[in-house]
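Peer 1: Quick one: the structure is below, and I'll ask about it shortly.
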Amino acid sequence: MSELKERARQYLRQTLHDPNAEFREGQWDAIRMLVEDRSRLLVVQRTGWGKSMVYFLATRLLRDRGSGPTLLVSPLLALMRNQIEAAARIGIRAVTINSSNPRTWDAAEANLRRDEVDVLLISPERLSNISFRRHVLSVFASRVGLFVVDEAHCISDWGHDFRPDYRRIIRILQALPGNVPVLATTATANDRVVEDIVQQLGEDLIVIRGRLGRKSLRLQAIHLPHPAERLAWLAEQLPRLRGSGIVYVRTVRDAERVSEWLRANDVDAHAYYGKLPSVEREALEQALIDNEVKALVATSALGMGFDKPDLAFVIHYQRPGSVVEYYQQVGRAGRDGDPAHGVLLSGDEDDDITDYFIRTAFPPHAHVREVLTALEDAEEGLTIRELEAQVNLSAGQIQHVLKLMSVLDRAPVIQRREPHGENRRPKNVFYATGLPYAPDDQRRQKLKRIRRAEQADLRRYMAGEVCHMTFLREALNDEGSEPCGRCAVCAGRPLLPKTTSALLLQKAIHFLKRSYREIKPRKRFPDRKRIQPELLAEEGRALSVYGDAGWGDLVRKGKYEDAHFSEELVEAAATMVETAMKVIAGKTLRVYDQPPPAWVTCVPSLRHPELVPSFARRLAARLGLPFVKAVRKVRDTPPQKEQQNSHHRLQNLRRAFEVVVPEEHIGRPVLLVDDMVDSGWTLTLLAALLRLRGAGPVYPLALAETTGK
């Protein structure tokens with residue numbers, strides 16, 4: 001054995017706290033090629049194979065030889081904490097510079113300049129930060145000893161998790177000296193994605209592919225059409241499964257709702273998604289690693305980079321976006337070699353969710369034209385908030401356009417950090433460069449066809465005509481994928497029951513019908529000026545999420561099919577009002593801190609003059625309260641759903657209503673009823689007008705929340 005390999009093996013054993021540890025097949029070869037040959041590698045290996053061990057050991061060996069530090073680009077830095085801790089056992093000093101730790105940036109930069117950092121971890125988004133490129137990367141780039149791209153499938157828009165900022169990596173790579181070794185790693189790349197990565201990172205990229213089979217996984221697929229069936233199944237089966245695991249969902253709303261349901265049934269489960277504060281996410285990850293919770297109900301934010309070898313189950317509440325994405329997520333289970341369950345549940349809403357993600361993968365050309373035109377007309381550039389006032393697009397839609405435009409090779413948009421007055425943080429200002437934008441329609445259409453074909457593959461996986469593991473491996477172009485002998489297809493029987501108790505099912509249906517939504521009062525205008533406190537609406541409630549399980553489907557039917565809301569909805573709304581307390585995401589919140597409503601009014605419509613008033617009258621009668629037509633629509637306006645941001649929604653409502661509060665109701669609390677609530681500006685404006693005309697506290701009530709639908 002060479003001296004270098006023996007030293008690497010000692011580092012391996014030191015890192016793993018295992019005096020008998022040996023390299024897995026292919027690990028040493030990759031390390032040797034990076035350290036001795038200074039090669040450029042793409043390593044495609046299954047989850048749990050030890051890709052991070054390759055770049056940390058290669059870093060240690062290169063630093064021993066006097067090389068500069070490693071620059072590691074990873075999409076989920078927070079999920080690498082345990083890997084960084086392991087690397088510290090062999091003296092690797094790793095630091096991160098990301099949006100969650102700004103207080104440590106100066107110290108990290110100073111340590112880099114003193115060459116006291118072995119690995120700098122950054123997110124791909126950090127590469128778009130002008131200050132980082134100017135003050136850190138420009139100084140650091142000439143000394144890079146190893147360049148690592150983790151989760152490299154994100155480079156490819158053929159991959160399941162394309163991240164536009166990954167395209168900036170190519171520019172960094174081109175700027176590095178030619179002798180800098182490069183390592184790109186992924187567990188989820190089929191032939192199409194590998195080919196795209198090679199084209200982008202260079203034809204000299206050497207591809208190392210391993211076998212992707214997982215002997216520990218016990219795979220099963222179960223179709224349960226209604227969400228209540230899946231909720232009941234989870235509440236019944238999770239307590240019977242050993243250890244702890246992950247329940248994957250597609251939306252934040254489902255993460256909150258499923259975790260709330262499980263806790264209500266004595267299963268210690270918590271919601272996990274990207275918008276949670278980083279401190280809260282880290283605490284949840286650690287609780288799962290330490291087996292202090294039964295499950296995290298997570299979006300795809302908990303995926304790449306998360307390392308818990310003894311994860312005992314991964315269950316999907318809905319079908320994911322592709323077979324490749326499913327393999328990446330289910331592969332988190334059973335990495336310690338012990339049997340682990342991977343169960344794919346699917347429901348009737350799966351196709352709608354996937355269609356939404358496919359439709360919104362790229363911004364429409366009309367959105368691009370609107371943003372570019374606004375920027376071309378603004379010599380001094382525009383911030384995102386200023387763009388919202390100029391174009392009828394949401395902040396998210398605008399950011400989507402700017403992101404894709406700014407990472408193009410000949411970018412028609414650039415971003416600059418500019419002063420924003422004394423004692424205020426600099427602002428991001430966007431400018432048109434004058435370079436033409438030519439949309440690649442052929443590529444877009446090809447990507448949509450691929451995404452729809454991937455969904456067809458998942459439906460075939462659900463059908464269970466061939467071994468589940470074989471199906472996954474063939475989708476990833478893994479050769480020699482023989483039947484696993486352990487999945488439900490190979491066993492010829494369900495590994496876990498497909499049905500659930502009638503009692504739990506009824507309980508789940510009742511839960512969905514009581515999953516009320518909070519209507520938070522707007523407190524600021526779009527220009528960030530405060531709304532006068534005495535004009536604010538109170539906290540309100542929405543009965544459902546539009547089109548969702550529970551009441552949402554009945555709301556959709558009443559509005560667009562029957563043109564009449566049923567008595568069932570009247571009774572459900574009355575029950576909601578009569579309930580003095582509500583529970584949302586495990587928190588008990590009092591709705592009516594002041595006296596409850598004493599009268600009822602509603603939001604009128606010139607297009608459907610009787611739809612909401614009819615419902616509000618019947619609700620008032622059911623509650624034993626007077627109904628007053630206090631609000632009148634005096635100007636026809638386009639539907640609020642056509643207005644994409646707060647500037648346009650509020651502008652659309654100006655001088656559209658007249659409000660008269662009868663003298664006998666002056667100072668008395670009022671229930672303000674509407675059918676739908678999205679941004680909340682209609683209810684906010686009418687609440688202010690009602691208060692100005694003498695009404696008491698205004699409690700908004702809507703049949704459905706439409707946000708995100």
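Here, each number is a calculation from the coordinates, and none is a lab measurement. These numbers come from a predicted model, not from an experiment. Here Cβ is always computed from backbone atoms with ideal geometry, including for glycine, and neighbour counts include all displayed protein chains.
Peer 1: Name the residues whose placed amide hydrogens come within less than 5 Å of the amide hydrogen of GLY68, ignoring near sequence neighbours (fewer than 5 apart) on the same chain.
Peer 2: GLY145
Peer 1: Stick to Cα atoms and the Kirkwood definition of Rh, then tell me Rg/Rh for region 3-209.
Peer 2: Working: Rg = 16.0 Å, Rh = 17.1 Å.
The Rg/Rh ratio comes out at 0.93.
Peer 1: Calculate, in nm to one decimal, what ASP64 and ARG9 gain on full extension: separation in residues at 0.36 nm each, minus their alpha carbon distance.
Peer 2: On the way: separation 55, 0.36 × 55 = 19.80 nm, distance 1.46 nm.
Gain on extension, ASP64 to ARG9, equals 18.3 nm.
Peer 1: Amide H to amide H, which residues 5 or more places from ALA542 or on other chains are under 5 Å from it, using H placed in the peptide plane?
Peer 2: ARG517, GLU518, ILE519, ALA702
Peer 1: Return TYR560, TYR356 ranked ascending by Cβ neighbour count within 10 Å, so the fewest neighbours appear first.
Peer 2: On the way: TYR560 8, TYR356 14.
Least to most surrounded, the residues fall as TYR560, TYR356.
Peer 1: Search the structure for amide H atoms under 5 Å from the amide H of THR96, placed 1.01 Å from N in the peptide plane, and list their residues when 5 or more places away or on another chain.
Peer 2: So THR96 has HN proximity to LEU121.
Peer 1: Hey, fewest Cβ within 10 Å first, where do ILE519, ILE155 land in order? Can you show the working numbers first?
Peer 2: Details: ILE519 23, ILE155 26.
Going from sparsest to densest Cβ surroundings: ILE519, ILE155.
Peer 1: Apply the Karplus curve 6.51 cos²θ - 1.76 cosθ + 1.60, θ = phi - 60°, to the phi angles in region 459-476 and return the couplings in whole Hz, x for Gly and Pro.
Peer 2: 5, 5, 4, 4, 5, x, 7, 9, 3, 4, 5, 4, 4, 5, 5, 5, 5, 9
Peer 1: Here is a follow-up. Note the full-extension length gain between ARG410 and ALA621 as 0.36 nm times their separation in residues minus their Cα-Cα distance, in nm to one decimal. Walk me through the numbers on the way to the answer.
Peer 2: Details: separation 211, 0.36 × 211 = 75.96 nm, distance 6.38 nm.
Residue separation times 0.36 nm, minus the Cα-Cα distance, leaves 69.6 nm.
Peer 1: In percent, what relative contact order does the chain have, based on Cα pairs under 8 Å that are 6 or more apart in sequence? Working shown, then result.
Peer 2: Numbers: 1251 pairs, mean separation 76.0, N = 709.
Over the chain, the number comes to 11 percent.
Peer 1: Okay, next question. Need one word for region 1-69: rounded, prolate or oblate. Basis is the Cα gyration tensor (sqrt eigenvalues a ≥ b ≥ c); a/c below 1.5 gives rounded, then a/b vs b/c decides.
Peer 2: Values: a/c = 1.57, a/b = 1.08, b/c = 1.45.
Oblate, since a/c reaches 1.5 and b/c is not below a/b.
Peer 1: Under 1.5 on a/c is rounded, so check that first for region 365-410, then, if it is not, pick prolate when a/b is larger than b/c and oblate when it is not; a ≥ b ≥ c are the square roots of the alpha carbon gyration tensor eigenvalues. Please report the intermediate quantities before stating the final value.
Peer 2: On the way: a/c = 1.55, a/b = 1.18, b/c = 1.31.
Since a/c reaches 1.5 but b/c is at least a/b, the shape of region 365-410 is classed as oblate.
Peer 1: Moving to a separate point now. Got a sec? How would ASP527, ASP350, ASP310 order by Cβ neighbour count within 10 Å, fewest to most? Can you show the working numbers first?
Peer 2: Details: ASP527 10, ASP350 22, ASP310 17.
By the 10 Å Cβ count, ascending: ASP527, ASP310, ASP350.
Peer 1: Here's a follow-up. From the square roots a ≥ b ≥ c of the eigenvalues of the alpha-carbon gyration tensor of region 514-705, which class results: rounded (a/c under 1.5), prolate (a/b over b/c), or oblate?
Peer 2: Rounded is the answer for region 514-705, as its axis ratio a/c remains below 1.5.
Peer 1: Additional query: Just order 543-555, 498-510 by mean Cβ neighbour count inside 10 Å, highest at the front, would you? Walk me through the numbers before you get to the answer.
Peer 2: Numbers: 543-555: 22.9, 498-510: 15.3.
Packing order, densest peptide first, comes out as 543-555, 498-510.
Peer 1: Moving on to the next point. Rounded to the nearest 20 debye, what is the charge dipole size of the chain about its Cα centre when +1 sits on each Lys and Arg Cβ and -1 on each Asp and Glu Cβ? Don't jump to the answer; show the numbers that get you there.
Peer 2: Numbers: 104 positive and 92 negative charges, 167 e Å.
Charge dipole of the chain: 800 debye, to the nearest 20.
Peer 1: Report which label in (i) 205; (ii) 173; (iii) 219 holds the value of volume of the Cα convex hull per residue in Å³ derived from the coordinates of this structure.
Peer 2: (ii)
Peer 1: To continue, here is another question. Hey, if you put +1 on the Cβ of every Lys and Arg and -1 on every Asp and Glu Cβ in the chain, which of ASN645, ALA271, VAL555 ends up farthest toward the positive end of that dipole?
Peer 2: So the residue we want is ASN645.
Peer 1: With both bridge residues required to lie in the chain, what share of the DSSP beta bridges run antiparallel, to the nearest 5%? Working shown, then result.
Peer 2: Details: 18 of 80 bridges.
In the chain, approximately 20 percent of DSSP beta bridges are antiparallel ones.
Peer 1: Treating the angle as unsigned and between 0 and 90°, give the value, to the nearest 10°, between the Cα long axis of helix 567-578 and the longest Cα principal axis of the chain.
Peer 2: With both axes taken from Cα atoms, the answer is about 80 degrees.
Peer 1: What is the calculated FRET efficiency for THR383 to LYS520, with r their C-beta to C-beta distance and R₀ = 25 Å, to the nearest 0.05?
Peer 2: Working: r = 25 Å, r/R0 = 0.99.
The formula returns an efficiency of 0.50 here.
Peer 1: I would also like to ask the following. Round to the nearest 0.05 the FRET efficiency obtained for ARG632 and ASP562 when R0 = 30 Å and r is the Cβ-Cβ distance.
Peer 2: Computed FRET efficiency for ARG632 and ASP562: 0.75.
Peer 1: Using the Karplus curve 6.51 cos²θ - 1.76 cosθ + 1.60 with θ = phi - 60°, work out ³J(HN,Hα) for each residue of region 653-663 in order, rounded to whole Hz, and write x for Gly and Pro.
Peer 2: Result, ordered by residue: 9, 4, 6, 9, 10, 10, 10, 10, 9, x, 4 Hz.
Peer 1: Go through region 280-291 residue by residue and turn each phi into a ³J(HN,Hα) via Karplus (6.51, -1.76, 1.60, θ = phi - 60°); whole Hz please, and just put x for glycine and proline.
Peer 2: For region 280-291, the Karplus-derived couplings read 5, 4, 4, 5, 5, 4, 5, 4, 5, 4, 8, 6 Hz, x marking Gly and Pro.
Peer 1: Continuing with this model, one more query. To the nearest 0.05, what FRET efficiency results for THR104 and ARG417 with a Förster distance of 22 Å applied to their C-beta separation?
Peer 2: Details: r = 20 Å, r/R0 = 0.91.
My answer for the efficiency is 0.65.
Peer 1: Then there's this: For ASP18 paired with GLU465, estimate the spin-label separation in nm (one decimal), with each label point 7 Å from Cα along the Cα-to-Cβ line.
Peer 2: It works out to 4.0 nm between the two label points.
Peer 1: With both bridge residues required to lie in region 213-511, what share of the DSSP beta bridges run antiparallel, to the nearest 5%?
Peer 2: 25
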